[in-house]
Amino acid sequence: MVAASRLPVDQTEGPDGETEWRASPGGLVTALEPVMRAAEGAWIGWPGAAGEPPEPFDSNGMHLVSVGLSEEEVADYYEGFCNGTLWPLYHDVIAPPEFRRPWWEAYVRVNRRYAEVVATEAARGATVWVHDYQLQLVPGMVRELRADVRIGHFTHIPFPGYEIFAQLPWRRQIVRGLLGADLLGFQRQSDATNFLRACRRTAGLATRGSLVRVPDAGYDDPPADSAGRGFRRQRVAEDLASGRDVRAAAFPISIDSAAIEEIAKSPEVQARAQQIREALGKPETVLLGIDRLDYTKGILHRLNAYGEILEEGRLGPPAAVLVQIASPSRERVESYRHLRDEVEVTVGRINGDYGEVGNPPIHYLHQSYPKDELVAYYLAADVMLVTPLRDGMNLVAKEYVASRYDETGALILSEFTGAADELHAAFIINPHDIDGLKDTIVRAATVSPAEARRRMRSMRRRVLEHDVAYWAKTYLDALSKVPVRYPPAADPVG
Ligand code: GDG
């Protein structure tokens, strides 16, 4: 059973105004579909529109169970606590997180609703895999309701350092919620390490390697003053005698690499890539950025670096152009509206200062595209710019690599992405270092074909071997090794 913020389908309106469901196959669905089919699995999530949830239904071999959110809960839980509190906090407070008590209350309420649906739907001894920061309380709540199930949780975004996490007024509840799981997956080892530290600091729990010892008998909060240390020592001794171990470790997510490569090899997509280059005026170098329009993605840093490169005359039209696709995202959240304004003012300024009629240095597209069209852009690009200030993994970087089957192209990659732990052969940059970023953009744009090939080959090996199926299998294998203690009572479901 999977519990995720969203169902793997989108609600649309049919020709006669009736509700229709269209599959929205992201990487997660692609990876889990075969597993879910084989296990007759259920997927629990929000269908994406406020109001009464539809009855459970089947789609693509999966049983889909909807969790309903009211208009107010969409505002307080989803846009509020998830996207206005946790998202900025977990991304190193790039934007200031807002701490509002009604948002937290909605988060608890919605997490409980998910947990109750899981508890009702899960078969005896089922494996429940909970996803992401929107559902951090679900593991603990499910464990209270159903001691017989195996519970995993995977965090798709970073887990912040303790000094940042500590700002959260509800940090203890979050840690306890997550510790209801048997296995906690994170993108990077540093995320798992940050979480383990949060367990020691907020709950006074003992950790050993990747394991946290969680006492059976519940646990009190350590006193905040210096008495806390003695308290912790005593607690560690007590906990070692009883309790269960929760493992926190890195399982870097990936993409359906073969599927992306196949799209890239299709004649239609190749023709489209050619057409894109022609429409751009056949420049020698096409630079490309593709991101959700999000302040974590470092779009402004990238634009400013490129603006300075133009000013210095090191690259520019007609020989080099930048295409920036920024797909619309979270448009009802104030900080996202503000970011959009800033990006668009910057693009306008740079095009105004350095463009000519028919020759703008930046082609900016605030639209969403089908996957095939994105892959055509990947194929059309000589240099891919992935410059987040903080990013759990960044799948765009992996998709670019998977699509470059002829081993050409250069990837510029921020060290603050999870992908940087794997794609060592990328041009690694610090997006805050504008001079370094500028030099690297110029270097990547003028790299020798031999060096580009050597780098791309190494990255492709990694992305093709460690695809999303590998990720799901590795995680689920690790989860299946957790010993589950069935309660002595006959059937916990009743
Ligand atoms: C979170 C974490 C982590 C983008 N625009 C369009 C479109 N996309 C697709 C891309 C890619 C995906 O969306 C974006 O994935 P990212 O990894 O870059 O970023 P987040 O959305 O922030 O995802 C992240 C991820 O979860 C998985 O764990 O890597 O760190 O933040 O696949 O191709 N797809 C289509 N049209 C668009 O316009 N079809």
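Summed over segment 1-56, residues that are within 16 Å of the ligand (Cβ to nearest atom), touching a His at 6+ places or on another chain (Cβ under 9 Å) and of a type in the set (Asp, Glu) total 0.
Going by the conditions given, is LEU183 over 17 Å from PRO483 (Cβ atoms) and either in contact with a strand residue (DSSP E or B) (Cβ under 9 Å, 6 or more places away or on another chain) or aromatic (Phe, Trp, Tyr) (or both)? Steps first, please.
On the way: over 17 Å from PRO483 (Cβ atoms): no; either in contact with a strand residue (DSSP E or B) (Cβ under 9 Å, 6 or more places away or on another chain) or aromatic (Phe, Trp, Tyr) (or both): yes.
In short, no.
None of GLU399, GLU373 is under 29 Å from GLN189 (Cβ atoms) and within 16 Å of the ligand (Cβ to nearest atom) except GLU399.
In segment 97-173, which helices (runs of 4 or more DSSP H) lie fully inside it and hold 1 or more residues that are among the aromatic types (Phe, Trp, Tyr) and in contact with a Lys or Arg (Cβ under 6 Å, 6 or more places away or on another chain)? Even if it seems obvious, please write down each step before you answer.
Numbers: elements: 101-121, 138-145, 162-165.
Hits in segment 97-173: 162-165.
The condition (being under 22 Å from ASP245 (Cα atoms), away from the ligand (no atom under 15 Å from the Cβ) and of a type in the set (D, E, K, R)) is satisfied by just one residue among ARG143, ARG101: ARG143. In a residue-by-residue description of segment 249-272, the property of being modelled with pLDDT under 60 and open to solvent by less than 50 Å² (accessible area, probe 1.4 Å) applies to no position.
The values are calculated or read from the model by the stated rules, or taken from the named source; none is laboratory data. All of these numbers come straight from a predicted model, not from anything done at the bench. Cβ coordinates were reconstructed from backbone atoms using ideal geometry, including for glycine residues, and neighbour counts include every protein chain displayed. Quick note on the areas: whole protein, heavy atoms, side chains included, nothing else; ligands and nucleic acids left out. Shrake-Rupley method; radii C 1.70, N 1.55, O 1.52, S 1.80 Å.
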